[in-house]
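The values are calculated or read from the model by the stated rules, or taken from the named source; none is laboratory data. Not measured: the values here are computed from a predicted model. Reconstructed Cβ throughout: ideal geometry from the backbone, glycine too, with neighbour counts over all protein chains shown. Ligands, DNA and RNA are stripped out before the accessible areas are found, and what is left, the full protein with its side chains, is counted by its heavy atoms. Shrake-Rupley method; radii C 1.70, N 1.55, O 1.52, S 1.80 Å.
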Amino acid sequence: QVQLVESGGGLVQAGGSLRLSCAASGINFSGNAYGWYRQAPGKQREMVAVYSTGGILNYAASAKGRFTLSRDNAKNTVDLQMNNLKPEDTAVYYCHVPPFPYWGQGTQVTVST
């Protein structure tokens with residue numbers, strides 16, 4: 001049984017930072033694609049940062065230069081370091097292992113002005 005558990009969300013002022021972490025059980029991030037997605041109220045879920053099995057790391061345009069995706073093989077976790085947060089980054093953030101139907105429960109990120 002695969003489980004993805006996100007943590008690290010919270011309330012932060014604009015310009016602040018948060019580090020999200022996703023811990024996996026039942027699947028190894030190493031050897032698979034993985035990434036973070038987010039869904040704001042009233043909007044569709046969108047890709048934030050994804051690492052493909054081909055070794056390509058893609059960031060959404062809104063995340064480039066501010067967010068960094070990383071993986072810890074020893075802990076089997078993937079992190080999303082988010083700096084210089086903006087109110088438009090407010091959303092529920094989800095960990096995902098494409099193309100499998102594995103999603104975490106999400107962690108809320110709220111950025112205040």
> Which one of the conditions (1) in a strand (DSSP E or B); (2) at positive phi; (3) not hydroxyl-bearing (Ser, Thr, Tyr) does residue 24 fail to meet, given that it meets all the rest?
Replying inline: (2)
> What number goes with the only condition from (1) touching a Lys or Arg at 6+ places or on another chain (Cβ under 8 Å); (2) open to solvent by less than 20 Å² (accessible area, probe 1.4 Å) that residue 39 does not pass?
Replying inline: (2)
> Right, residue 102: among the aromatic types (Phe, Trp, Tyr) and farther than 20 Å from residue 10 by Cα or not?
Replying inline: yes
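Here's the yes/no breakdown for (1) in contact with a Leu (Cβ under 9 Å, 6 or more places away or on another chain); (2) open to solvent by 40 Å² or more (accessible area, probe 1.4 Å); (3) under 20 Å from residue 111 (Cα atoms):
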residue	(1), (2), (3)
19	yes, yes, yes
31	no, yes, no
35	yes, no, no
45	no, yes, yes
69	yes, no, yes
74	no, yes, no
79	yes, no, yes
83	yes, yes, yes
87	no, yes, yes
>> Considering only the stretch 94-111, I want to know if a residue exists there that is without any contact (Cβ under 8 Å) to a residue 60 or more places away in the chain, within 25 Å of residue 16 (Cα to Cα) and part of a loop (DSSP other than H, G, I, E, B).
In response: no
> Taking interchain pairs and intrachain pairs at least six residues apart, which have beta carbon atoms under 8 angstrom, with the first residue in the stretch 36-54 and closer than 16 Å to residue 97 by Cβ and in a loop (DSSP other than H, G, I, E, B) and the second open to solvent by less than 40 Å² (accessible area, probe 1.4 Å) and of a type in the set (S, T, N, Q)?
Replying inline: 53/32
